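Have a look at the structure below before the remarks.
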Amino acid sequence: MKRIEVFVPIVKCRPVVEALKKTGVTGITIHDARGQGKGARPIVSGLRGTAKFVAEFSSINSIVTVVDDSQVDQVIAAIVNAAGTGSHGDGKIFISTIDETVDIGTKRKGISAL
C-alpha cells in the first residue's frame, strides 16, 4: 500500500478530489495549510486597502489518501491532470510506503482495511 500526500493551491482542491473519486479512491483527508515554495505568493491588501504587500505564505490544501500499489500510477496521473498547469506553484505529490493498516471498527488488516 502507498500513502499519497498532495499539496495543491486551494482552488485546485475540488478538481483533485473529483479526479481521485473517479479513480476509485474512497478515503480522502484534506487539511488546510500554509506554505512557501517556488510558486508566486498572493498579494494582500493592508488596512483600508491603502497598502499592498506579498504574503509570507500561500494558502494550500494537503490531500492524503492510501491506495493499493496497483492504483498508484492511475492516481498520480489523475492528480497531475487535475492540478497541473505547467507552472511553479502547481503543487507537489509525496508517495510513501505503508507497512500495515488496521480498521479500528472492523479489526480488518491490510488492503481490506481500506
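Every number here is computed from the coordinates shown, using simple stated rules; none is lab data. Just so it is clear, the structure is predicted and the values come from calculations on it, not from any experiment. Note: ideal-geometry Cβ built from the backbone for every residue, glycine included; neighbour counts use all protein chains shown.
Worth pointing out:
- Top-ranked residue of the stretch 83-114 - restricted to ones that are under 21 Å from Arg34 (Cα atoms) and either among the charged types (D, E, K, R) or touching a strand residue (DSSP E or B) at 6+ places or on another chain (Cβ under 9 Å) (or both), ranked as surrounded by the most Cβ atoms within 10 Å (Cβ to Cβ): Gly91
- Flag if Ile104 is at negative phi and without any contact (Cβ under 8 Å) to a residue 40 or more places away in the chain: yes
- Yes/no for Thr23 being surrounded by 14 or more Cβ atoms within 10 Å (Cβ to Cβ), closer than 26 Å to Ala113 by Cα and touching a Gly at 6+ places or on another chain (Cβ under 7 Å): no
- Ile30 being in a helix (DSSP H, G or I) and of a type in the set (Val, Ile, Thr): no
- Residues located in the stretch 81-102, provided they are over 22 Å from Asp68 (Cβ atoms) and among the hydroxyl-bearing types (Ser, Thr, Tyr): Thr85, Ser87
- The residues of the stretch 63-74 that are touching a helix residue (DSSP H, G or I) at 6+ places or on another chain (Cβ under 7 Å) and not in a strand (DSSP E or B) amount to a single one, Asp68.
- Among (1) surrounded by 13 or more Cβ atoms within 10 Å (Cβ to Cβ); (2) in contact (Cβ under 8 Å) with a residue 24 or more places away in the chain; (3) not in a strand (DSSP E or B) - the single one Ile4 does not satisfy: (3)
- The listed residue being part of a helix (DSSP H, G or I) and touching a strand residue (DSSP E or B) at 6+ places or on another chain (Cβ under 6 Å), out of Ile79, Ile60: Ile79
- Residues being in contact with a Lys or Arg (Cβ under 8 Å, 6 or more places away or on another chain) and either of a type in the set (Phe, Trp, Tyr) or surrounded by 11 or more Cβ atoms within 10 Å (Cβ to Cβ) (or both) - total across the stretch 29-58: 5
- The stretch 16-27 - residue that is in contact (Cβ under 8 Å) with a residue 60 or more places away in the chain and not in a helix (DSSP H, G or I) and, of those, farthest from the chain's Cα centre (by Cα): Thr26
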